[in-house]
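Data first, discussion second: the structure below is written as structure tokens.
The values are calculated or read from the model by the stated rules, or taken from the named source; none is laboratory data. This one's a predicted model, so the numbers in the text were calculated from it and none came from an experiment. All Cβ positions, even for glycine, are placed from backbone atoms using ideal geometry, and neighbour counts span all protein chains on display.
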Amino acid sequence: MGDETLACDECGASLRFEGTRTTKCPYCASPSVLARPARHDLPNPDFVVAFVLGQRTANEIAKGWTRSRGPFTHGGIKNASFDDVRGVYVPAYLYGALARSAYSAEIGENYTETETYTTTENGKTVTKTRTVTKTEWRSLSGNWAGYVRDVVVSASKGLPNALLGAVEPFDLRALRRYDVGQVQGWLAEEPSLGGDACMAHARQEAQEDVAAALARLMPGDSHRGLSFSTTFEREIASLVLVPVWVFAVRYAPDKPLVRLVVNGQTGRAYGKAPLSWARVAIAVALALAVIAVVVLVFGGER
Amino acid sequence: MSAAACSRCATPLEAGDLRCATCAQPAPVRDDVPPEATARILRCESCGAAVAFSAEHQGTRCVFCGSVTRLEEPHDPIEAAELYLPFKTSPEAAHAAVRGWLGTLGFFRPSDLARAATIDNIKPLFFAAWVFDADALVSWAADSDQGSRRSDWAPHAGQTRMRFDAILVSASRGLQAEEASRLAPGFDLRTSGKSPEGPEGATVERFDVQRSAARTIIARALEATAVQRVSQGEVPGRRVRNCHVGVVLHGLVSKRYALPAYVLAYRYDGRVYRAIVHGQTPQLTFGDAPLSWRKIAALVLGVLALIAVIVAIAWRR
């Protein structure tokens, strides 16, 4: 991928950029930023969302996350330590397009009817009336067009799109043009996922946006069976660096590390806390015991 | 002012825009990429040591001497009026317009309203508003009575092109939204100038919102206008509900205006009422006015008396 070996501007030592746009000189510790012409699958960043949360704040958020895990998580998580903490500018594509869709759906239009029914009152059979709401289903089809904007998909193999999605959204009003000053001294990754794979993810997310827009468009009291086909025109994907804190959480000496991701702008945290099967088993056993006791006590009364 | 237009939707880009406000396409940029790869170090302007970006300072901070260079803030200025419409109604004419208006309010107002009201306070005001033009492709869906079967409603959908010309969106704090929309038809936008013209001491309202917020307000107003037009002109049938639209804008041009109006207070029978006079078309005058409870009571009594008479006659027979 985008590996480069260049000379340090401070001391002349050899610098290796291995899939990153930034590095620190091993001899003089000067932070350097790579500048290079764009290549296929390796464009230059257009935009940056700068870090807003420093390491201390991010640490507090991570601590808060470990403390607030549920009762079925591994007991060690509450006192977990962080083996590694990194602030990473993750490469992502900011995607936009003009979407055109043809849709069809069934629209539910409610109406009320007066119904007669018979019931028994004081031992006598009586006839009564009541109003009931019923739904008439009518088919509707049409065309829709709209702009898709602000779709962000990961261009990093290290942080899959689903994981980035879990700490989204980023406030794109704070978008700035890429500049050395925003990334120097931080880890800024080069895109490691091919453009085609990223576009596939982006179109998938765009489809979800279109589905939501169409659901809002539907008239009637309810709708069902909404199906649509969409073409995307005038697509644009710009490379944007987004700020993410990545924590390697150690909750037990003999267990693998757990990754915790924190949005470096908004503080939204996501990680998969390890379950404690022993605790789950105890809870299930307790629940069964309670049921058994109830059955025994009430069953015995008969 | 706008230098270029978005290549996707033809909306003019304003200075500092990174992306098109309408369709979010990135604005073009002049690249300063080197012909071959180089390792760069951004240095402190005061001591020459390498700097690092600091999240706490939102800028680069020199690890050595601590000096901070803040990043340029994303461009989102508080908006100010760029065009002013001149007052064509003088304060005296506004006075006269209010008196005239008070005399035309009909039977249920006090007879001496126009004579006895005292005008306390007449304030010339340039109120803040956006005026926009745009072309749009509107996709709509709605329920109407046309084609209905068992339910009163049947669904309809369609797509139509629309032209929006000089749609006014109030940004005013001094005027309520409804007041501003009643004034809208009386303005002649061709008379606009670069500075306020009118009576001395006129208040010029600020917009009080940032550009990003302004664009949200305009987009909402545009959608509301589209819903209104679709409900009235596109959906078949007489009754319409659940009218929803999706809008693709093309060439959205919005301008910030300061528009002239008089806001005044008049006193009648010890109470204060509010009235608005258009700054260019004084025939557009409206506001609050007292009701004559004596006249209403007299009418109610009269009607009751009439009913009593009719009942009495009917009973005698």
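From the residues in segment B:5-40 that are without any contact (Cβ under 8 Å) to a residue 60 or more places away in the chain, more than 10 Å from every other protein chain (Cβ to nearest Cβ) and among the hydrophobic types (A, V, I, L, M, F, W, C), which one is surrounded by the fewest Cβ atoms within 10 Å (Cβ to Cβ)?
It comes out as B:Leu13.
Can you go through A:Val246, A:Val242, A:Val284, A:Val258 and tell me which one is more than 12 Å from chain B (Cβ to nearest Cβ) and in contact with a Phe, Trp or Tyr (Cβ under 6 Å, 6 or more places away or on another chain)?
A:Val242
Out of (1) more than 30 Å from A:Tyr111 (Cβ to Cβ); (2) within 11 Å of chain A (Cβ to nearest Cβ); (3) of a type in the set (Gly, Ala, Ser), the odd one out for B:Ala180 is which?
(2)
Here is a yes/no grid of residues against (1) touching a Ser or Thr at 6+ places or on another chain (Cβ under 6 Å); (2) in contact (Cβ under 8 Å) with a residue 12 or more places away in the chain; (3) within 14 Å of another protein chain (Cβ to nearest Cβ):
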{"position": "A:Ser81", "(1), (2), (3)": "no, yes, no"}
{"position": "A:Gly87", "(1), (2), (3)": "no, yes, yes"}
{"position": "A:Gly96", "(1), (2), (3)": "no, yes, yes"}
{"position": "A:Ser104", "(1), (2), (3)": "yes, yes, yes"}
{"position": "A:Glu109", "(1), (2), (3)": "yes, yes, yes"}
{"position": "A:Thr116", "(1), (2), (3)": "yes, yes, no"}
{"position": "A:Glu121", "(1), (2), (3)": "no, no, no"}
{"position": "A:Arg130", "(1), (2), (3)": "no, yes, no"}
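Do you know which residues across segment B:141-166 are under 31 Å from the mean Cα position of the chain (by Cα) and among the charged types (D, E, K, R)?
B:Asp143, B:Arg161, B:Arg163, B:Asp165 - these are the residues of segment B:141-166 that are under 31 Å from the mean Cα position of the chain (by Cα) and among the charged types (D, E, K, R).
Return the residue satisfying two criteria in turn: it lies in segment A:126-169 and is at pLDDT 95 or above and aromatic (Phe, Trp, Tyr), and of such residues it is farthest from B:Asp143 (Cα to Cα).
Out of the qualifying residues, it is A:Trp144.
Restricting attention to segment A:238-292, which residues are basic (Lys, Arg) and either surrounded by 20 or more Cβ atoms within 10 Å (Cβ to Cβ) or in a helix (DSSP H, G or I) (or both)?
Scanning segment A:238-292 gives a single hit, A:Arg279.
Could you run through segment B:201-246 and say how many residues are part of a helix (DSSP H, G or I), within 12 Å of chain A (Cβ to nearest Cβ) and of a type outside the set (S, T, N, Q)?
Of the residues in segment B:201-246, 7 are part of a helix (DSSP H, G or I), within 12 Å of chain A (Cβ to nearest Cβ) and of a type outside the set (S, T, N, Q).
Looking at B:Cys62, B:Cys47 in this structure, which one is surrounded by fewer than 20 Cβ atoms within 10 Å (Cβ to Cβ) and under 30 Å from A:Ala13 (Cβ atoms)?
Just a single option satisfies the conditions, and that option is B:Cys47.
Scan segment B:124-138 and give yes if some residue there is farther than 27 Å from B:Val248 by Cα and either surrounded by fewer than 19 Cβ atoms within 10 Å (Cβ to Cβ) or at pLDDT below 90 (or both), otherwise no.
no
Tell me whether segment B:143-153 contains one or more residues that are in contact with a Phe, Trp or Tyr (Cβ under 6 Å, 6 or more places away or on another chain), assigned to a loop (DSSP other than H, G, I, E, B), basic (Lys, Arg) and at pLDDT 90 or above.
Checked segment B:143-153: at least one residue is in contact with a Phe, Trp or Tyr (Cβ under 6 Å, 6 or more places away or on another chain), assigned to a loop (DSSP other than H, G, I, E, B), basic (Lys, Arg) and at pLDDT 90 or above.
Quick one: is A:Ala273 in the same structural domain as A:Val88 (by TED's automatic domain parsing) and closer than 19 Å to A:Ala80 by Cα?
yes
Can you tell me which residue in segment B:62-80 is farthest from A:Ala174 (Cα to Cα), limited to those that are of a type outside the set (Asp, Glu) and facing another protein chain (nearest Cβ under 9 Å)?
So the residue we want is B:Val63.
Of the conditions (1) surrounded by 16 or more Cβ atoms within 10 Å (Cβ to Cβ); (2) hydrophobic (A, V, I, L, M, F, W, C); (3) assigned to a loop (DSSP other than H, G, I, E, B), A:Ala58 fails just one. Which one is it?
Exception for A:Ala58: condition (3).
Report, by residue number, each residue of segment A:37-54 that is closer than 15 Å to A:Tyr89 by Cα and at the interface with chain B (Cβ under 8 Å from one of its Cβ atoms).
Within segment A:37-54, A:Asn44, A:Asp46, A:Phe47, A:Ala50, A:Phe51, A:Val52, A:Leu53, A:Gly54 meet the criteria.
Filtering segment A:136-162 down to residues that are more than 8 Å from chain B (Cβ to nearest Cβ) and surrounded by fewer than 20 Cβ atoms within 10 Å (Cβ to Cβ), which residue is nearest to the chain's Cα centre (by Cα)?
Step by step, filter segment A:136-162, then rank; the result is A:Ala162.
Among (1) within 11 Å of another protein chain (Cβ to nearest Cβ); (2) in contact with a Leu (Cβ under 8 Å, 6 or more places away or on another chain), where does A:Thr57 come up short?
If we test A:Thr57 against (1) within 11 Å of another protein chain (Cβ to nearest Cβ); (2) in contact with a Leu (Cβ under 8 Å, 6 or more places away or on another chain), just (2) comes out false.
For every residue, the table says whether it meets (1) of a type in the set (A, V, I, L, M, F, W, C); (2) surrounded by fewer than 18 Cβ atoms within 10 Å (Cβ to Cβ); (3) modelled with pLDDT under 90.
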position	(1), (2), (3)
A:Asp3	no, yes, yes
A:Ala13	yes, yes, yes
A:Ser32	no, no, yes
A:Pro37	no, yes, yes
A:His40	no, yes, yes
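Just one of (1) within 21 Å of the chain's Cα centre (by Cα); (2) more than 14 Å from chain A (Cβ to nearest Cβ) trips up B:Glu197, so point out which.
(1)
Can you confirm whether segment B:176-185 contains a residue that is among the charged types (D, E, K, R), under 20 Å from the mean Cα position of the chain (by Cα), assigned to a loop (DSSP other than H, G, I, E, B) and within 30 Å of B:Arg274 (Cα to Cα)?
no
Looking at segment B:184-191, can you tell me whether even one residue there is within 30 Å of A:Met218 (Cβ to Cβ), among the polar types (S, T, N, Q) and surrounded by 13 or more Cβ atoms within 10 Å (Cβ to Cβ)?
no
(1) in a loop (DSSP other than H, G, I, E, B); (2) farther than 30 Å from B:Ala24 by Cα; (3) among the polar types (S, T, N, Q): which one isn't true of A:Ser32, the others all being true?
Unmet condition: (1).
Any idea which of A:Pro169, A:Pro191 is in contact (Cβ under 8 Å) with a residue 12 or more places away in the chain, assigned to a loop (DSSP other than H, G, I, E, B), surrounded by fewer than 18 Cβ atoms within 10 Å (Cβ to Cβ) and not hydrophobic (A, V, I, L, M, F, W, C)?
That would be A:Pro169, the only listed residue that is in contact (Cβ under 8 Å) with a residue 12 or more places away in the chain, assigned to a loop (DSSP other than H, G, I, E, B), surrounded by fewer than 18 Cβ atoms within 10 Å (Cβ to Cβ) and not hydrophobic (A, V, I, L, M, F, W, C).
Could we say that A:Ser227 is over 30 Å from A:Ile77 (Cβ atoms) and among the polar types (S, T, N, Q) here?
It is true that A:Ser227 is over 30 Å from A:Ile77 (Cβ atoms) and among the polar types (S, T, N, Q).
Spot the failing condition for A:Leu34; the list is (1) more than 30 Å from A:Asp171 (Cβ to Cβ); (2) hydrophobic (A, V, I, L, M, F, W, C); (3) within 8 Å of chain B (Cβ to nearest Cβ); (4) touching a Phe, Trp or Tyr at 6+ places or on another chain (Cβ under 8 Å), and only one is missed.
Only one criterion is unmet by A:Leu34, namely (1).
Can you find a residue in segment B:155-173 that is within 25 Å of B:Ala94 (Cβ to Cβ), away from chain A (no Cβ under 14 Å), not in a strand (DSSP E or B) and not hydroxyl-bearing (Ser, Thr, Tyr)?
yes
Considering only residues that are exposed (fewer than 10 other Cβ atoms within 10 Å of the Cβ) and within 18 Å of B:Phe108 (Cβ to Cβ), which ones fall in segment B:303-317?
Within segment B:303-317, no residue meets the criteria.
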